[in-house]
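First up is the structure itself, then whatever we jot down about it.
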Amino acid sequence: MTEVATVVAEELTKKFGEFTAVNRLDLSIVKGEVVGFIGPNGAGKSITIRMLCGLLRPTAGRAVVAGFDVGREPEAVREHIGYMSQKFSLYGDLTVRENLHFFSGLYRVPRTDVEARTRVAVAMAGLEGREDALVRTLAGGWKQRLALGCAILHRPPVLFLDEPTSGVEPEARRNFWDLIHHLASEGVTILVSTHYMDEAEYCNRIALIDSGRIVAIGSPGELRRRELGGTLYELDCSALGAALAALRRAPGVTDVAIFGDKLHVLIGDASVVTDLPGLLKRAGIEAGPPRVISPSLEDVFVQLVSRPRPPQAPA
Amino acid sequence: MNLRRIYAIAFKETLQVWRDPRSLAIALLMPLMQMALLGYGVSLDIRRVPLCIYDQEHSQTSRELVQRFIASRWFSSVRRLDDERAIRDAMDRGSCVGVITVPVNFSRALAMTGTASVQAVFDATDVNTTNISIGYAQGVIAQTTADFQAGWAAAHGLHPVSSGSVDLEPRVWFNEGLDSRNFIIPGVVAVILGLIGAQLTSLTISREWERGTMEQLVSTPVTALELMIGKLVPYFVIGLIDATFCLSAAAFWFQVPFRGSLGTLIATTALFTLVVLGIGYIVSVRVRSQLGASQIAVMLTMTPISLLSGYTFPIDQMPAPVQAVTLVVYARYFVTILRAVFLKGSTIGDLAVPIMALVLYAAVIIWIAARGFRKSLD
C-alpha cells in the first residue's frame, strides 16, 4: 500500500517586498497524518498555512491540497479544507446555532444533514444546552472547539489549524487535542501550528520552522535522536549568564542554552571536554556535577535555530 | 452562483443588523430625524421680514407713507425709530432687515418738484432676503407714488396721466402655491436615501475585517459575487422600507401633491437605492475600518447630493464647469425624477433621459462593486 500525499508543497515561497516570509518550503503530508508546525513568532507558520488554504497567493513554487492546486483552483481547495485562523473568527453577535447554520449554508451541507451535524458540533464543543447563547459570551476553550466544529461541518478531508490552542487553558488544550486525534483516526489530514512545545509531542510528525524554512522534520522521537549530534548535559550553577559566556568559548562545547534555572550544554566531542565544573571553577563559577539528560524537543529546536545556516540562495 | 450561500449570508447579515444598535439606528431612526429636520428646516420662502422706519419729517405726507408701509402686510412688523443711533443699533442687532429713512425735506421736495427720495438701508448678509425685501419696499413705494400722483392731478383739476399699460397676469404651473417646500421635499427624500443607503453598506465588509471574521469567511468556498448579493439584499429591503416611509411622509404629512404613477416612483427609487448601496459597498471593500468607511461614505454621498443634486440650489443657475460636474452626481437624476413624478405627474417616457442615466450609473457601480472584493488576504 502506497501512501498518497494529501498536502504537497514544492519550493513554496512568499515574499512581501524585500522580506521573504516563506523560503522555498517543501512539505508532504499523507492522509490521516497529524503534522505539527513548530517555530517562533514570525517564522512563517501562519503564512504557509494561509498559502495552503488559498488565502495568500504564493510568490513562487506550488502546492497541491486534496488534489487541487492552490494557485489555480483556490475555490476547489476551499471546498475540501477546514481552516481555523489564529485569531478567533466566528461571529460573536450570532448564537452558537446561528454560526453553525451560517457555515453549513456556506459549505452547502445537505439540508437533511444540517441539524444532525449541528448537534454533533455542539456536542463536540461541549455546548449542549447553550445553543442559543451569543458566541461572544463563551469562554476561550468553548470558542475554540466551536470554531473547530464550524471548520469540519462539511467533513473536509484536510484541516488547517493555525495555533488553535493559543490562549486556552491547559485542560481545554488537552480536550482539543483529543478531538484532533479523533478526527485523524477517521482519516482527516491535519496540519496544526503551535508554539507549545509539549503539544508537539502529540503530533505524528513535527516540522520545525525558522525564518521561513523547515529546519527539521520527523517524528518527535526521530528528531530527538537525530538532530542533536552530541551528548546533552544538564548543569546546576551560579551566575548563569557568566557560565553561559564561559562555556560558549570552551573547546568541544557545541552549544549552551539556559533552560529555567539550569544550563543545558551540548558536547560534540566528549574526548575534549571531561570536566565541566572544573572548567567553570577556573572562571570563578560554582557548578554542580553535570548529568546526562535525554533531550526534549525544545532542546532540539533551540539547537537547530542557533546552528549557523548556509547563506540563503539569492532570491 | 449558489442561492443557498446567498441566503446564508443575507440571513446572517439581517441578524447582525438587528443586533447592532448603530446599524439599527441608521436604518430606522435616521430617516425619521432627517425627514423632520430637512422637511421643516429647509425652506426658501421669505415669510418673516421685519422693517424699521425713521421718519425725520413728521409731516402729513411722510406719515401717510409710513402708514402705507405699516398697512402693506408684506413686512412682518414695522417699527418706528426716533434717531440716527437707533438705525445703527437696529441693524447691528439684526432686529430688522432694513431701515427706511424719510428725509426732513420729503414733502417740500415732492410738492415743488413732483419727486422726492427716501433712503433705504438693507442688511445684505442674507442676499436672498434682501432682494425680496427691496422688492417689497419698491412695491409699497410704487403704489404710494401712483396714489400721490392721482391725488396731485385731481387737486390741480387734471386727469390722471393715462398712458398705455401692459399687465402681466401670471399663472404658475406644477406648484400653484409657489410653495418652496413642494420643490424641496421630494429632493429631501433623495438626500436621506443616499445618506442612509451608503452608510449601511459602508459598514458591512469593514465590520468583517475589523472583527477578524473575514479570515474565516474567505476560507470558505463563497464567491465574491455571492457575498455581494447576499450582503446587499437585506440593505436593499431596508432602503425600500425607508424610502416608503420618506415618500409617504412627503405626500401625506408635508402634503406635497403627488400626480405621477406609483410604479414609476417605485422603479426609480429601487434603482437609486441600488446605486447608493453599491457606493457604500465599494467604500466598505476598500476601507478596512468601520469608522473610516462610514466617514468616506458620508463624504461621497452627503456633499454631492446636498450641494450638487439641485435639491436646493438650481443646477441651471450654477457656473458651466460646476454644471458639468453635476452630470456625474447620480442624485441629480433622481431629484429630477422625484420632482417631475410628484409635481408634474411625468411618465417613464417623459423621464427617459434621467432614468437611463440612473440605469447606467447603477450598472457601472454594481460592476465595480462586484469586482472590488477579492477573496484574498494579500
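The values are calculated or read from the model by the stated rules, or taken from the named source; none is laboratory data. Everything numeric here is computed off the predicted structure, so don't read it as measured data. All Cβ positions, glycine included, derive from the backbone under ideal geometry; neighbour counts span all protein chains shown.
Things worth noting here:
- Selection within region A:157-182 - buried (at least 21 other Cβ atoms within 10 Å of the Cβ) and within 15 Å of A:T6 (Cα to Cα): A:V158, A:L159, A:F160
- Filtered residues of region A:133-148 (kept if more than 10 Å from A:N99 (Cα to Cα), touching a residue at least 12 places away in the same chain (Cβ under 8 Å) and either polar (S, T, N, Q) or outside any loop (DSSP other than H, G, I, E, B) (or both)): A:R136, A:G140, A:G141, A:W142, A:K143, A:Q144, A:R145, A:L148
- Residue match in region A:31-46 (condition: under 30 Å from A:E201 (Cβ atoms), touching a Pro at 6+ places or on another chain (Cβ under 8 Å) and within 11 Å of another protein chain (Cβ to nearest Cβ)): no
- Residue ID - farthest from A:A139 (Cα to Cα), chosen from residues in region A:75-103 that are facing another protein chain (nearest Cβ under 8 Å) and polar (S, T, N, Q): A:S85
- Close pairs (8 angstrom Cβ cut-off, 6 or more residues apart or separate chains): in contact (Cβ under 8 Å) with a residue 24 or more places away in the chain and within 14 Å of B:D179 (Cβ to Cβ) in region B:248-259, surrounded by 18 or more Cβ atoms within 10 Å (Cβ to Cβ) and of a type in the set (G, A, S) anywhere: B:A250/B:G39; B:F254/B:G39; B:V256/B:A250
- Flag for B:T145 being of a type outside the set (F, W, Y) and either surrounded by 13 or more Cβ atoms within 10 Å (Cβ to Cβ) or part of a helix (DSSP H, G or I) (or both): yes
- When residues in region A:157-179 are screened for being charged (D, E, K, R) and under 26 Å from A:V64 (Cα atoms), 2 of them pass.
- Across region B:1-29, the number of residues qualifying as touching a Ser or Thr at 6+ places or on another chain (Cβ under 9 Å), within 18 Å of A:L90 (Cβ to Cβ) and not in a helix (DSSP H, G or I) comes to 0.
- Taken over region B:1-60, the criterion of being under 17 Å from the mean Cα position of the chain (by Cα), crowded, with 17+ Cβ neighbours inside 10 Å and closer than 30 Å to B:V127 by Cα is satisfied by B:Q34, B:M35, B:L38, B:G39, B:V42, B:I46.
- Applying the criterion of at least 3 residues that are of a type outside the set (S, T, N, Q) and in contact with a helix residue (DSSP H, G or I) (Cβ under 6 Å, 6 or more places away or on another chain) to the helices (runs of 4 or more DSSP H) found wholly in region A:14-122 leaves A:96-106.
- Any helices (runs of 4 or more DSSP H) falling wholly within region B:274-378 and containing at least 1 residues that are of a type in the set (F, W, Y), modelled with pLDDT of 90 or more and in contact with a Pro (Cβ under 8 Å, 6 or more places away or on another chain): B:330-339
- Test for A:A147: is it away from chain B (no Cβ under 14 Å) and either out of contact with any Gly (no Cβ under 6 Å at 6 or more places or on another chain) or not basic (K, R) (or both): no
- Only one of the listed residues (A:R173, A:R205, A:R225) is out of contact with any strand residue (DSSP E or B) (no Cβ under 6 Å at 6 or more places or on another chain), of a type in the set (K, R) and under 30 Å from A:Y83 (Cα atoms). That residue is A:R173.
- Test for B:I355: is it surrounded by 23 or more Cβ atoms within 10 Å (Cβ to Cβ) and more than 27 Å from B:T213 (Cα to Cα): no
- Flag for B:I366 being under 22 Å from the mean Cα position of the chain (by Cα) and buried (at least 17 other Cβ atoms within 10 Å of the Cβ): no
- Residue pairs whose Cβ atoms lie under 9 Å apart, separated by 6 or more positions or on different chains, with the first residue in region B:64-77 and loosely packed, with under 13 Cβ neighbours inside 10 Å and the second at pLDDT below 80, are B:S77/B:R48.
- Number of positions in region A:19-75 that are under 22 Å from A:H181 (Cβ atoms) and hydroxyl-bearing (S, T, Y): 1
- Within the span defined as region B:281-291, every residue fails to be of a type in the set (V, I, T) and free of Cβ contacts under 8 Å to residues at least 12 places away in the same chain.
This table checks each residue for (1) within 14 Å of chain A (Cβ to nearest Cβ); (2) buried (at least 24 other Cβ atoms within 10 Å of the Cβ).
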position: B:I185; (1), (2): no, yes
position: B:V189; (1), (2): no, yes
position: B:L195; (1), (2): no, no
position: B:T201; (1), (2): no, yes
position: B:G212; (1), (2): yes, no
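- Enumeration of residues in region B:214-229 that are more than 15 Å from B:E13 (Cα to Cα), within 11 Å of chain A (Cβ to nearest Cβ), part of a helix (DSSP H, G or I) and out of contact with any Ser or Thr (no Cβ under 8 Å at 6 or more places or on another chain): B:A224
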